[in-house]
Amino acid sequence: MDEMPELLKRAQALAEARNHRLLPFMRRGRGKESRCVTCARQVYVLPDPSPIGAVIGGDAISDTGIRKLPVAVKT
Ligand SMILES: [Zn+2]
């Protein structure tokens, strides 16, 4: 099952909740990434199982804009 569309939707929602507007997601390695149209902060999505499951992260969706540990998303 392809979980990517759902993960991308969640990443976009997280960014929009912080008033970022994302460019279309581009493939990067096994995941995808995008950045904000206005402030160029990044969002990335990794669909593959890591020890904590799929990952959504990036400075556009952290509260401070400083890169932190990725946000873990339960799948
Ligand atoms: Zn922004």
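Bear in mind that the values in this text are calculations on the coordinates, not laboratory data. No experiment lies behind these values; they were computed from the predicted model shown. FYI the Cβ positions are ideal-geometry reconstructions off the backbone, even for glycines, and counts take in every protein chain you see.
Determine, from the Cβ-Cβ distance of A40 and D2 and an R0 of 30 Å, the FRET efficiency 1/(1 + (r/R0)^6), rounded to the nearest 0.05. Efficiency at R0 = 30 Å is approximately 0.60.
Karplus-based coupling profile of segment 4-17, in residue order and whole Hz: 4, x, 5, 5, 5, 4, 5, 4, 5, 5, 5, 5, 5, 5, with θ = phi - 60° in 6.51 cos²θ - 1.76 cosθ + 1.60 and x standing for Gly or Pro. Close amide H partners of G58, meaning residues 5 or more places away or on another chain with modelled amide H under 5 Å apart, are Y44, K68, V71.
Arranged from fewest to most other beta-carbon atoms within 10 Å of their beta carbon, M4, M26 become M26, M4.
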